[in-house]
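Engineer: Sharing a structure, written as structure tokens. Questions coming.
The values are calculated or read from the model by the stated rules, or taken from the named source; none is laboratory data. Predicted model, so just to flag it, every value in this text is computed and none were measured. Note that we place each Cβ from the backbone using ideal geometry, even for glycine, and neighbour counts take in every protein chain shown.
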Amino acid sequence: MTEATGMNHWIDPNGIVRIVFGRPEDKVNVLSPDILQELGDLLDSVRGREDVRGLIFSSATPGNFIAGMDVEVIASFTDAFKAAEGARFGQIVFQKIEDLPVPSACAINGACLGGGTELALACTVRVAADSRAVKIGLPETQLGIIPGFGGTQRLPRLVGLMPSLDLILSGRTLDAKRAERIGLVDLVAPEAYLERETIKLLVKAASGVKRSRSFGARLVESTPPLRRFVIGKARKTAESKASPENYPAPFRALEAIDAAFSMPMPQGLDLEARIVGELVPTRTSKNLMWLFKSQSALKKDPGGIVALPRKVRRSAVLGAGIMGGGIAQLIADKRIPVRLKDLRSDALLTALRQASKIWRDQVQRRRLSPREMRQRLGFISPTLDDAGLAKVDIVIEAVVENLDVKQKVLAAIEERIGPRTVFASNTSTIPISDIAARAVRPERVVGMHFFNPVHRMPLVEVIAGQRSSPEAVSTVHAFALELGKVPVVVRDAPGFLVNRILMLYFNEALRLLSEGVTMEAADRAMTEFGLPMGPFALMDEIGLDTAHHAAAVLEGGFGKRIGTATPILQAVVASGRLGKKNGKGFYQYRGGKRTRPDPGVVKLAGTAAPLQLPVETLQERMVLAMVNEAAVCLEDGVVREPRDLDVAMVYGTGFPPFRGGLLRYADSIGPAVLVDRLARLADAQGERFRPAGLLRDMVREERRFYPA
Ligand code: NAD
């Protein structure tokens, strides 16, 4: 074995070269230039050997085959030519696998992503374990690049045009069964027999492998106008999700996939490498890779807290509203039993209906079978009382945002739950220490703040109260990870991190409305900036009563600076508009769909004569309001470093990932220009824009949030 790469190989008595990646004690295997070099040399050395009858690639790391090329390596390229050369190097090594005179096979025991999948594609056959750890895919477009080791050429040739477009453009992964269904793997074997079945299939492959695709699929692929039609449709779908200027990778992937059917392999590979080279140095791919590395680092870091988490086997959620229902769906989706309690049976019914809808959509998109859907639904047990709570490991409280109610709910539940059960509040603004103030066991009270919609937003803010125990905090952190979320540990202060920053954004939007700017114009300005929705649509989504309550808590904590426009929100709520949940908000809704701005709101907001402002002015006011508060949050120690803030804003609000986060965006402007613009806004608009002390210090000290 090579110490540095962990790659191991030998020839077994049947003449099969076994190549094993990784070590049993590793968590993940990634490819590096050293491993590729070693693999290339090994392939050269076995090529001419008469005693070699085949090759099998496997991994010694539990639950991980190869998670792809090391992102650090890809991100380190700053030059298109060198990045393309890097891709060509991997292509050459994998081509050696395909060119062997003997068959090759892969035994996929877990995560097989990016370069791992491309290695598997170069083999003659692929076998995957029937294990939940197996996920196979090409997620490169999510990093702002395209697969560069032959993936865009071999996948379409193996599984056809449509499945390739789906996999490469979305970057999503498949489990073993689904990978088998599209022909990406040849066989799914029980985990214990993975090696045996791989050997058997390899031996069979020596006498040739027959594969067939439907006549229709082959006709589309080989007829240029039909193929162009399908690719054109895929382009339209991609355009509806993101713009080619901000996210070029999916669009460039279309070119490469088309080449798989219109060019011989060597030219296709060359085009693939050139596109990778052009994409790697772009700001988008740099930011997306930085985000990927940062969220991976955060997952391993429970905010400096060192304690063994408690394993969650059973759970309960209190409150079956927008959030409680969503959280219960998420837990059940991971096949963990969850009791869902509400005072109202209609709330429970709505929550179950909502959960079913999420799963039904997945069934429709063939990501879930009807049987799996029924099973998952079965993990939620709705209830109107406190029965069955004694044995749960965690209770997540998601009742109304009111300190008194939350304290009462905690007091009542403390009598029911075991002494070590963690009580996690999903409060969006109320300090955890206040909720725990009258608790019998305040050490088990922690904040676990999900974002709306729960199944989509990856962020969970983990908040340690003054008396929360390290075990309770690390349990919430680990549970958030198990639910597939990105946990960021934040300080226990009103509004925590994301909502505090958002509140200044909402405030500015409401002020614009009162000055005569239309809600549509403000919302459009922010979607053009790259956010998934504008401030008014987002407030409707959150619920206007919840947003108003949050504004009041934040104003209580930080004074008028936060909520100069709160009275407008109050008037809108008082008029019975609660947002999307009751079909009436800043916008009107029909069948749950946003139709048009509600003209009644304009009157309530005391709006002046219509005012048209340039889109840049609207963006500047709303975004700089957030940047300034983000700087204050850093001064106040709400998060430990800019990285945590940027990851939280991207994963909690959808702040445009291609911009890398609020502070990376701020750095792209530079502190001197920022302070200048804020000072101008403060003179024109009011003190709320007065530049934060930290920003002024940065100008004086000539530093940025991130070192260059
Ligand atoms: P919601 O009004 O939709 O739901 C609250 C539910 O709690 C209702 O169904 C109500 O019947 C139920 N309830 C009230 N008292 C109860 C009790 N004693 N026991 C059991 N159930 C009870 O509210 P929501 O928007 O889901 O918010 C819930 C919590 O999550 C709040 O603390 C809120 O601040 C927080 N939160 C909300 C959002 C959001 O976008 N809406 C996002 C993050 C966090």
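Engineer: When you go through (1) surrounded by fewer than 18 Cβ atoms within 10 Å (Cβ to Cβ); (2) within 11 Å of the ligand (Cβ to nearest atom) one by one for Val440, which number turns out not to apply?
Structural biologist: (2)
Engineer: Identify all residues within the range 314-337 that are within 14 Å of the ligand (Cβ to nearest atom) and not in a helix (DSSP H, G or I); write none if there are none.
Structural biologist: Hits for the range 314-337 are Ala316, Val317, Leu318, Gly319, Ala320, Gly321.
Engineer: Applying the selection to the range 289-313, what residues are among the hydrophobic types (A, V, I, L, M, F, W, C) and part of a helix (DSSP H, G or I)? Even if it seems obvious, please write down each step before you answer.
Structural biologist: Of all residues in the range 289-313, those among the hydrophobic types (A, V, I, L, M, F, W, C) come to 289-292, 297-298, 305-308, 312.
Within the range 289-313, Met289, Trp290, Leu291, Phe292, Ala297, Leu298 qualify.
Engineer: Among the residues that make up the range 503-516, is at least one of them buried (at least 23 other Cβ atoms within 10 Å of the Cβ), in contact with a Phe, Trp or Tyr (Cβ under 7 Å, 6 or more places away or on another chain) and under 14 Å from Gln619 (Cα atoms)?
Structural biologist: For the range 503-516, residues buried (at least 23 other Cβ atoms within 10 Å of the Cβ), in contact with a Phe, Trp or Tyr (Cβ under 7 Å, 6 or more places away or on another chain) and under 14 Å from Gln619 (Cα atoms): present.
Engineer: Residues that are among the basic types (Lys, Arg) and within 28 Å of the chain's Cα centre (by Cα): does the range 564-584 have at least one? Step through it out loud before you land on a result.
Structural biologist: Of all residues in the range 564-584, those among the basic types (Lys, Arg) come to 577, 580-581, 584.
Filter once more, keeping what is within 28 Å of the chain's Cα centre (by Cα): 580-581.
Yes, there is a match, as at least one residue in the range 564-584 is among the basic types (Lys, Arg) and within 28 Å of the chain's Cα centre (by Cα).
Engineer: Please find, within the range 505-543, the residue that is nearest to Tyr247 (Cα to Cα) out of those that are of a type outside the set (Asp, Glu) and near the ligand (Cβ under 10 Å from one of its atoms).
Structural biologist: Leu538
Engineer: Tally time: how many residues in the range 142-159 are more than 17 Å from Leu269 (Cα to Cα) and either touching a residue at least 60 places away in the same chain (Cβ under 8 Å) or part of a loop (DSSP other than H, G, I, E, B) (or both)? Spell out the reasoning first.
Structural biologist: Pass one, the range 142-159, residues more than 17 Å from Leu269 (Cα to Cα): 142-144, 159.
Checking which are either touching a residue at least 60 places away in the same chain (Cβ under 8 Å) or part of a loop (DSSP other than H, G, I, E, B) (or both) leaves us with 142-144.
The qualifying residues number 3.
Engineer: Please indicate, with yes or no, whether at least one residue in the range 83-102 is part of a loop (DSSP other than H, G, I, E, B) and within 19 Å of Leu269 (Cα to Cα). It would help to see each step written out before you state the result.
Structural biologist: Taking the range 83-102 first, the residues part of a loop (DSSP other than H, G, I, E, B) are 99-102.
Those still in the list that are within 19 Å of Leu269 (Cα to Cα) too: 99-100.
Yes.
Engineer: I'm trying to understand the selection: among the residues of the range 253-265, which are closer than 23 Å to Gly530 by Cα and either surrounded by fewer than 22 Cβ atoms within 10 Å (Cβ to Cβ) or at pLDDT below 95 (or both)?
Structural biologist: Of the range 253-265, the ones closer than 23 Å to Gly530 by Cα are 253-254.
Residue satisfying the conditions is Leu254 alone.
Engineer: Please work out which residue is farthest from the chain's Cα centre (by Cα), limiting yourself to the range 364-385 and to residues that are aliphatic (A, V, I, L, M) and surrounded by 17 or more Cβ atoms within 10 Å (Cβ to Cβ).
Structural biologist: Here is the first cut: in the range 364-385, the ones aliphatic (A, V, I, L, M) are 368, 373, 377, 380, 384.
Of the ones still in play, those that are also surrounded by 17 or more Cβ atoms within 10 Å (Cβ to Cβ) are 368, 373, 380.
Numbers: Leu368: 19, Met373: 22, Ile380: 24 Å.
Among residues in the range 364-385 that are aliphatic (A, V, I, L, M) and surrounded by 17 or more Cβ atoms within 10 Å (Cβ to Cβ), the one farthest from the chain's Cα centre (by Cα) is Ile380.
Engineer: So, one more: Before we move on, is Ser104 under 27 Å from Glu191 (Cα atoms), of a type in the set (Gly, Ala, Ser), touching a strand residue (DSSP E or B) at 6+ places or on another chain (Cβ under 7 Å) and surrounded by fewer than 24 Cβ atoms within 10 Å (Cβ to Cβ)? Full working, then the answer.
Structural biologist: On the way: under 27 Å from Glu191 (Cα atoms): yes; of a type in the set (Gly, Ala, Ser): yes; touching a strand residue (DSSP E or B) at 6+ places or on another chain (Cβ under 7 Å): yes; surrounded by fewer than 24 Cβ atoms within 10 Å (Cβ to Cβ): no.
Spelling it out, it is not the case that Ser104 is under 27 Å from Glu191 (Cα atoms), of a type in the set (Gly, Ala, Ser), touching a strand residue (DSSP E or B) at 6+ places or on another chain (Cβ under 7 Å) and surrounded by fewer than 24 Cβ atoms within 10 Å (Cβ to Cβ).
Engineer: Out of the helices (runs of 4 or more DSSP H) lying entirely within the range 419-516, which hold 3 or more residues that are without any contact (Cβ under 8 Å) to a residue 60 or more places away in the chain and over 29 Å from Arg335 (Cα atoms)? If you could, list the steps in order and put the result at the bottom.
Structural biologist: Working: elements: 432-435, 470-482, 498-515.
Helices (runs of 4 or more DSSP H) meeting the threshold: 432-435.
Engineer: State yes or no: is Leu538 surrounded by fewer than 24 Cβ atoms within 10 Å (Cβ to Cβ), of a type outside the set (Gly, Ala, Ser) and not in a helix (DSSP H, G or I)? Before you say what the answer is, go through the steps one by one.
Structural biologist: Details: surrounded by fewer than 24 Cβ atoms within 10 Å (Cβ to Cβ): yes; of a type outside the set (Gly, Ala, Ser): yes; not in a helix (DSSP H, G or I): no.
In short, no.
Engineer: If you scan the range 619-644, which residues turn out to be touching a residue at least 60 places away in the same chain (Cβ under 8 Å), in a helix (DSSP H, G or I) and among the acidic types (Asp, Glu)?
Structural biologist: Scanning the range 619-644 gives Glu620, Glu629, Asp644.
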